[in-house]
Amino acid sequence: MSGSEASAAQAKRNVTITAAIAGLAGLLFGYDTGIIAGALLTITPDFSLNSLQAGMVVGAVPIGAVGGAWFASKGADRHGRRSLILVAAAIFVVGAIVSAVSPGPLILILSRAVIGFGIGVASAVAPVYISEVAPPDLRGSLVTFFQLAVTIGILVAYLVGYAFTDVGDGWRWMLGLGAVPAIAMGIGIIRLPNSPRWLLMDDDVEGARKALAMVRPAGAEAIDLEIGEIQSSMGGDTGNWKDLRKPAVQAALVVGLGLAILQQITGINTVIYYAPTIIQSTGIDSASSAILASLGVGITNVLMTVVALRLLDRVGRRTLLFIGVSGMSASLFSLGLAFIGGIPETVSTVLAIGSLMVFVSSFAISLGPIFWLLNAEIYPLSVRSKAAAAGTMTNWFFNFLVSLTFLGLIDLLTEVGAFWLYGAVGLVTLWFCWKFVPETKGKSLEQIDAIFKRRART
Ligand code: BGC
């Protein structure tokens, strides 16, 4: 291996490790959203929760996350992306431990909101941080480490949930164990470089050069070139909230906020949170088949996210969106069919399980990773952390809304109507992607910026 090849390989290793550690933020996100369904089964009788209190235990995380993302929108520019991830890890550890030992519902709800706050900060900042240290040709895969960690977190939560179901005070363990990945992330992040783009916002050219040298092949010229490109794209913007009103930023916000909403209102979390309930309502009353089905959902979600990770920088974001969202919409319509009645129970169960798997696979290669990726890469540097935080807040708010309304929607429209409604939203999403989402594969963040500036002019 020549010297330059060795240096390129070393740089690739460094940037991959950097992204993997920051991506652990996704593990906290996935673990905590995945664990609560299982934990709630025993928290409810332990604390004699009424349904309002149970709803608050679940809803505290997404609502806290909206607040955390808001906080990140201010802190990520002032204190840097890396420091905020560290803060998120610390908040999370405190929240996980307090929730595990909480003496009653009030402390539990408050500590869950604290956990949500940590998750909100982490999910607003970690993808942005990764996108800012990644080279253009690897950015899609590296930012997708975050989503991969989300899916692994959900799967681990399902497994931990089953492992502790029959253990005394099992839910305390389930909640407390969330502190482990947070501690790992906190320790790992200390050794990582700061985002070179953030350093440049702060006029620290020497610091940016050093940070880039850790994650790029040796060669002062290429590094200086990259620094020049970042500096020239910064223009005279000040990075205030009012800069979000600039036409080029608005054009990007249409894409970011649009995908934030559509990622949630196509119903992914109805499946993540309620898979066993959905399977059981097709008629089978075996709890173990229902549990198996939700494990299947978790595993499929992880595996197909790995597929996405390998394809995003090759096939491109748009193609994967078209394929994935079409699959999501089609499978939601077939999931609705499973509830239409008049078909043998085995057929409807097989149809429901098959549809769920296709739905999750399609989400995992499209809206799952691509929303977080685009949300981190489409905004100009001066407003990136604010705009990405706005996308993150929107996403968490709609996450909350969909989980809150799902069961009511079924009462109102029946399963058939509810899933067909989500399927129809899938069709709207397809149109939205075709019309608004640009291809960002292989482009530098500054070239992406130029796409939206052009768009705003026409
Ligand atoms: C979404 C979450 C969802 C998860 C499932 C994420 O991209 O934001 O709401 O639970 O994917 O894998």
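Of note:
- For the residues Gly34, Gly75, Gly67, Gly30, the requirement of being within 16 Å of the ligand (Cβ to nearest atom) and closer than 30 Å to Pro196 by Cα singles out Gly30.
- Any chance Thr44 is part of a helix (DSSP H, G or I), touching a residue at least 60 places away in the same chain (Cβ under 8 Å), open to solvent by 40 Å² or more (accessible area, probe 1.4 Å) and polar (S, T, N, Q): no
- Of all residues in region 384-408, those satisfying the criterion of being more than 16 Å from the ligand (Cβ to nearest atom) and surrounded by fewer than 19 Cβ atoms within 10 Å (Cβ to Cβ) are Leu407, Gly408.
- Listed by position, the helices (runs of 4 or more DSSP H) contained in region 272-371 that have at least 1 residues being open to solvent by 40 Å² or more (accessible area, probe 1.4 Å), more than 16 Å from the ligand (Cβ to nearest atom) and within 30 Å of Ala390 (Cβ to Cβ) are 287-311, 317-337.
- Residue in region 19-35 that is within 24 Å of the chain's Cα centre (by Cα) and free of Cβ contacts under 8 Å to residues at least 60 places away in the same chain present: no
- Scanning region 430-458 for residues that are surrounded by fewer than 17 Cβ atoms within 10 Å (Cβ to Cβ) and aromatic (Phe, Trp, Tyr) yields Trp431, Trp434, Phe436.
- Residue check, Pro380 crowded, with 22+ Cβ neighbours inside 10 Å and more than 15 Å from the ligand (Cβ to nearest atom): yes
- Residue match in region 159-171 (condition: in contact with a Phe, Trp or Tyr (Cβ under 8 Å, 6 or more places away or on another chain), open to solvent by 20 Å² or more (accessible area, probe 1.4 Å), within 16 Å of the ligand (Cβ to nearest atom) and not aromatic (Phe, Trp, Tyr)): no
- Pick from region 239-267, criterion assigned to a loop (DSSP other than H, G, I, E, B) and at pLDDT below 85, ranking: surrounded by the most Cβ atoms within 10 Å (Cβ to Cβ): Gly239
- Verdict on Ala20 being out of contact with any Asp or Glu (no Cβ under 6 Å at 6 or more places or on another chain), closer than 20 Å to Thr144 by Cβ and either within 16 Å of the ligand (Cβ to nearest atom) or open to solvent by less than 10 Å² (accessible area, probe 1.4 Å) (or both): no
- When each of Ala90, Ala113, Ala100, Ala96 is tested for being among the small types (Gly, Ala, Ser), in a helix (DSSP H, G or I) and under 30 Å from Leu381 (Cβ atoms), the lone residue that passes is Ala90.
The values are calculated or read from the model by the stated rules, or taken from the named source; none is laboratory data. The structure presented is a predicted model; accordingly, all values stated were derived computationally and were not measured. We place every Cβ from the backbone using ideal geometry, glycine too, and count neighbours over all the protein chains shown. Note: areas computed on protein heavy atoms with side chains; ligands, DNA, RNA excluded. Shrake-Rupley method; radii C 1.70, N 1.55, O 1.52, S 1.80 Å.
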